[in-house]
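Every read-out reported here was derived from the displayed coordinates using simple, explicitly stated rules and does not represent laboratory data. Not measured: the values here are computed from a predicted model. Here the Cβ is made from the backbone with ideal geometry for all residues, glycine too, and neighbour counts use every protein chain on show.
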Amino acid sequence: MIPIDFTHAPDRESWVDSANQLETDFPIQNLPFAVFHTGDDDRRIGVGIGDQILDLKHCANHGLLAEEFVEPARQDVLNGLMGLGPSQRIELRQAISQLLHVSTEADRSTLEDGLHFQDAVEFSLPCQIHDYTDFYASIFHATNVGSMFRPNNPLLPNYKHIPIGYHGRASSIVVSGTDLVRPVGQKAPAEEGQGPTRSPAALLDYELEVGFYVAQGNRLGTTIPIDQAEQHLFGMCLVNDWSARDLQKWEYQPLGPFLAKSFATTVSPWVVTMEALAPFRVAEYQRPEGDPQPLDYLSSSENSSSGGVDIQLMVSLSSQQMRDRGLPAERLSQTRFTNMYWTIAQILTHHASNGCNLQPGDLMASGTVSGPNRNERGSMIELTWNGDASNPTPGTDRTPLILPTGEERKFLADGDELILHGFCKNEQYRRIGFGQCRGTVQPAI
Ligand code: MN
């Protein structure tokens with residue numbers, strides 16, 4: 001596990017004043033990475049601090065970073081930094097923390113020349129994502145969705161033994177703020193004897209997820225044992241796995257989701273490092289009595305005691321009408337990453353367990369983060385129970401969502417903006433946030 005050091009001290013302050021405000025997502029204890037550009041400048045790597053971003057290429061060019069970090073810090077993607085070893089990543093964090101510390105020994109005016117307001121820059125994807133895999137790690141989400149389609153058999157027999165995933169599409173991953181075009185696709189025949197139809201997705205949904213990026217990878221034909229998995233994790237982000245449920249229902253058997261998911265996946269611009277998350281590691285999900293223990297290759301005492309990450313997550317929606325009337329976004333649900341049945345280390349180890357090679361910058365997403373209560377459901381299909389008021393499943397709330405304008409939602413409408421937000425908070429350490437992951441639905445073309 002990553003040790004707690006001076007960079008995590010809760011009373012540590014930065015000379016960037018906005019980083020010392022209590023509710024900022026980016027105090028000096030966080031130091032998340034992103035890739036940004038200003039106007040017509042080239043893309044470069046930056047570090048979030050308060051309401052600003054520190055240009056790491058500028059730091060490298062002005063002798064503010066050790067030689068070993070200069071080349072990867074000057075790239076326009078994070079893959080070089082992601083490929084550093086675990087102790088180098090800690091060293092880099094400590095160096096950046098010292099640069100931004102209130103009594104830094106570095107030249108302040110050189111540093112200030114590398115600062116930009118986050119509001120004034122454009123963000124890009126943080127790295128080149130070679131491969132993307134999406135999982136299904138919340139047992140609450142799997143049970144909710146399963147019981148809509150298989151009321152008597154919601155959870156398939158493999159669920160408690162194996163982290164279920166599917167290979168997602170990397171080319172259509174977009175950064176927060178990118179609009180999303182409603183996909184058009186095939187739908188199941190409306191009645192027996194008819195053929196399928198093709199039209200814009202009517203049941204467009206979001207999935208609140210947490211992603212993680214791979215640090216150093218593994219060679220083809222080798223595996224990543226569970227007790228080494230943490231060393232291969234670089235950092236985490238917010239993910240919205242947009243889903244067209246009507247397309248998904250017709251296409252998903254027998255090989256799983258395809259065009260219902262591959263039209264777009266939105267990630268937050270910020271990558272919160274595993275080093276920053278060290279104070280928020282908690283025990284893995286406590287499996288109820290009687291649940292099977294994972295097989296040995298997915299089990300370790302370290303994973304049991306600190307494989308979880310305590311992230312609080314929120315989803316809000318803002319319709320076009322709400323924005324026109326100046327109303328704030330409406331909170332749809334709030335959940336916690338501790339609800340996940342499988343840890344990120346188990347997911348990574350399982351992914352490489354057949355000898356599949358992972359590369360720096362590969363993205364894995366957790367699957368929809370849902371908890372046991374109604375207000376903890378991480379997708380609209382769960383909140384409105386498939387938008388189906390006639391669904392006879394007992395004990396569920398099937399009412400459509402009512403927005404402050406009186407608009408009803410069973411699924412997403414054109415003009416709806418989805419906003420994901422997440423942060424870590426406990427009594428001992430400084431709160432750190434993930435920023436936001438936003439996207440607005442545009443009409444089908
Ligand atoms: Mn998903």
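For this structure, a couple of remarks:
- Under-5 Å amide H pairs with LYS425, H placed in peptide plane, nonlocal only: GLN312
- Residue-count net charge about LEU298 - beta-carbon cut-off 15 Å; Lys, Arg +1, Asp, Glu -1: -4
- Point-charge dipole on Cβ atoms (K/R +1, D/E -1) for the stretch 6-124, about Cα centre, debye to 20: 380 debye
- Three principal axis extents describe the C-alpha atoms of the chain; from largest down they are 74, 55, 39 Å.
- Gaussian network model of the chain, Cα within-10 Å springs - most flexible of PRO157, PRO32, PRO400: PRO157
- Taking 17 Å as the straight-line reach from the Cα of LYS425, the aspartates and glutamates in range (excluding those fewer than 8 positions away in the same chain) are ASP11, GLU23, ASP25, GLU275, ASP310.
- For the peptides 86-94, 252-260, 126-134, the ranking by packing is 126-134, 86-94, 252-260, with the highest mean count of neighbouring Cβ atoms within 10 Å listed first.
- Using only Cα coordinates, the Kirkwood hydrodynamic radius of the stretch 288-445 works out to 18.5 Å.
- Cross-link partners of LYS410 among lysines (Cα-Cα below 28 Å; sequence separation of 8 or more within a chain): LYS187, LYS249, LYS261
- Using Cβ point charges alone (K and R +1, D and E -1), the dipole size of the chain about the Cα centre works out to roughly 1160 debye.
- LEU295/ASP227 FRET efficiency (R0 22 Å; Cβ-Cβ; nearest 0.05): 0.90
- Listed residues GLY193, GLY371, GLY185, most fluctuating in the chain (Gaussian network, C-alpha, under 10 Å): GLY193
- Inter-part distance where the stretch 418-445 and the stretch 15-38 are each reduced to a Cα centre, Å: 15 Å
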